[in-house]
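What follows is one structure encoded as structure tokens, with my remarks underneath.
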Amino acid sequence: MPYLGAHESVNKGLHLAFERIEQVGGESLQIFTRNQRQWNPKPLSRPEIDRFLEAWSQHDKMIVASHASYLINLASGKNDLRYKSIAAFTEELRRCHQLEIPYVVLHPGSHGGDGIESGLERFISALDEAVDQAESKTMTLIETTAGQGTGLGSSFAELGYILAHSKLHEKIGVCLDTCHIFAAGYDIRSVAGYQTTMKEFERQIGFENLKFLHLNDSKKELGSRVDRHEHIGQGCIGLEGFRFILNDSRFEHHPMTLETPKGEDLKEDIENLGRLRSLLDTSEF
């Protein structure tokens with residue numbers, strides 16, 4: 001079965017994310033290694049790294065990913081933002097290496113009005129530069145996006161282009177977000193729609209490159225290009241779309257984390273994970 005989990009807070013210590021994911025019964029975990037709204041966070045301390053690795057050792061089967069800062073835009077045509085983004089992502093990769101985190105999820109950024117082709121070329125060049133500089137074992141996972149504004153990554157073809165043209169292909173994979181692909185126009189609510197979507201994913205990207213999934217329902221309708229996450233089964237995707245993914249044998253060993261709204265008591269994570277597990281069966285398509 002897939003490894004179901006959630007993005008959890010690292011408030012008051014990175015290591016505390018493991019207590020939180022244990023509290024909700026998760027089997028996979030996503031975190032921010034530093035404040036996602038800061039350009040120059042302080043470096044990791046040795047005690048901080050040790051506490052994190054010790055906590056992880058108590059959950060040795062837990063699959064962990066980091067999510068890169070939302071400020072990073074490797075596709076930017078503005079030199080200052082480009083250089084800051086490369087530096088910030090390089091440091092993110094190095095932090096993940098220190099923490100032994102195997103994956104970091106990254107949005108492909110925005111072309112800022114210069115066009116998709118220009119944005120993709122800039123993203124690939126900047127990504128290759130950051131990965132090369134970092135000398136990290138961590139794999140970068142490019143996330144599917146909703147396609148808001150001038151954002152890249154709303155089509156499988158765009159992500160496939162990145163994979164095909166990066167010089168460091170072996171260090172790059174993909175993270176699929178259900179809310180994002182739905183908002184981008186990929187309908188997964190019916191058997192026919194799901195099969196069509198996954199055939200296109202295989203054709204443009206290849207399932208061998210899919211390493212991680214975000215399971216989020218969508219507050220907005222199909223093709224809205226608006227990224228608004230909703231609790232599982234309470235949005236416009238509905239339960240059936242998640243049933244198809246959870247019972248797809250191609251994803252039976254994949255980590256899948258929630259990024260749905262929640263409070264400090266984490267009851268929403270418990271409820272959403274319970275709802276997802278209730279959908280697991282032996283269906284085939």
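The values are calculated or read from the model by the stated rules, or taken from the named source; none is laboratory data. Because the structure is predicted, anything quoted here is derived from the model rather than measured. Positions of Cβ are generated from backbone atoms using ideal geometry, with glycine treated the same way; all protein chains shown enter the neighbour counts.
Quick test for you: out of 46, 82, pick the one residue that is at pLDDT 95 or above and out of contact with any helix residue (DSSP H, G or I) (no Cβ under 7 Å at 6 or more places or on another chain). Steps first, please.
On the way: 82 fails: out of contact with any helix residue (DSSP H, G or I) (no Cβ under 7 Å at 6 or more places or on another chain).
Criteria check complete, one pass: 46.
Based on what the data block shows, is residue 64 assigned to a strand (DSSP E or B), in contact with a strand residue (DSSP E or B) (Cβ under 9 Å, 6 or more places away or on another chain) and either modelled with pLDDT of 95 or more or among the β-branched types (Val, Ile, Thr) (or both)?
Here the answer is yes, as residue 64 does meet what is asked.
Considering only the stretch 221-242, state which residues are of a type in the set (A, V, I, L, M) and closer than 17 Å to residue 193 by Cβ. Give the steps one after another, and end with the answer.
First, the residues of the stretch 221-242 that are of a type in the set (A, V, I, L, M): 222, 226, 232, 237, 239.
Of everything in the stretch 221-242, those that are of a type in the set (A, V, I, L, M) and closer than 17 Å to residue 193 by Cβ turn out to be 222, 237, 239.
Give the residue that is farthest from residue 139 (Cα to Cα), with candidates limited to residues of the stretch 198-214 that are part of a helix (DSSP H, G or I) and among the basic types (Lys, Arg). Break it down stepwise before answering.
Pass one, the stretch 198-214, residues part of a helix (DSSP H, G or I): 198-204, 207-209.
Now drop any that are not among the basic types (Lys, Arg), which leaves 199, 203.
Details: 199: 25, 203: 22 Å.
Among them, the one singled out is 199.
May I ask you to verify whether residue 239 is among the hydrophobic types (A, V, I, L, M, F, W, C), more than 20 Å from residue 103 (Cβ to Cβ) and out of contact with any helix residue (DSSP H, G or I) (no Cβ under 7 Å at 6 or more places or on another chain)? Outline the logic, then answer.
Details: among the hydrophobic types (A, V, I, L, M, F, W, C): yes; more than 20 Å from residue 103 (Cβ to Cβ): yes; out of contact with any helix residue (DSSP H, G or I) (no Cβ under 7 Å at 6 or more places or on another chain): yes.
So residue 239 passes the test.
Just to be sure before I move on: is residue 4 modelled with pLDDT of 95 or more and over 27 Å from residue 275 (Cα atoms) in the structure I sent? Steps first, please.
On the way: modelled with pLDDT of 95 or more: yes; over 27 Å from residue 275 (Cα atoms): no.
Answer is no for this residue.
Of all residues in the stretch 5-23, which are aliphatic (A, V, I, L, M), surrounded by fewer than 23 Cβ atoms within 10 Å (Cβ to Cβ) and not in a loop (DSSP other than H, G, I, E, B)?
16
Out of 266, 258, report the one residue that is in contact with an Asp or Glu (Cβ under 7 Å, 6 or more places away or on another chain), among the hydrophobic types (A, V, I, L, M, F, W, C) and either surrounded by 13 or more Cβ atoms within 10 Å (Cβ to Cβ) or modelled with pLDDT of 95 or more (or both). Spell out the reasoning first.
Numbers: 266 fails: in contact with an Asp or Glu (Cβ under 7 Å, 6 or more places away or on another chain).
Sole residue among the options that is in contact with an Asp or Glu (Cβ under 7 Å, 6 or more places away or on another chain), among the hydrophobic types (A, V, I, L, M, F, W, C) and either surrounded by 13 or more Cβ atoms within 10 Å (Cβ to Cβ) or modelled with pLDDT of 95 or more (or both): 258.
Residue 161 is checked against (1) surrounded by fewer than 20 Cβ atoms within 10 Å (Cβ to Cβ); (2) over 24 Å from residue 243 (Cα atoms) and fails just one. What number does that condition carry?
(1)
Restricting to the stretch 222-251, count the residues that are under 23 Å from residue 151 (Cβ atoms), over 17 Å from the mean Cα position of the chain (by Cα) and not in a loop (DSSP other than H, G, I, E, B).
1
If I ask for residues that are within 21 Å of residue 230 (Cα to Cα) and surrounded by fewer than 17 Cβ atoms within 10 Å (Cβ to Cβ), which ones from the stretch 240-255 would you list?
Within the stretch 240-255, just 240 meets the criteria.
Take the residues in the stretch 178-199 that are charged (D, E, K, R) and surrounded by 16 or more Cβ atoms within 10 Å (Cβ to Cβ), then tell me which one is farthest from residue 237 (Cα to Cα). Break it down into steps so the answer makes sense when it comes.
Narrowing the stretch 178-199 to residues charged (D, E, K, R): 187, 189, 199.
Now narrow it down to the ones that are surrounded by 16 or more Cβ atoms within 10 Å (Cβ to Cβ): 187, 189.
Working: 187: 8, 189: 6 Å.
So the residue we want is 187.
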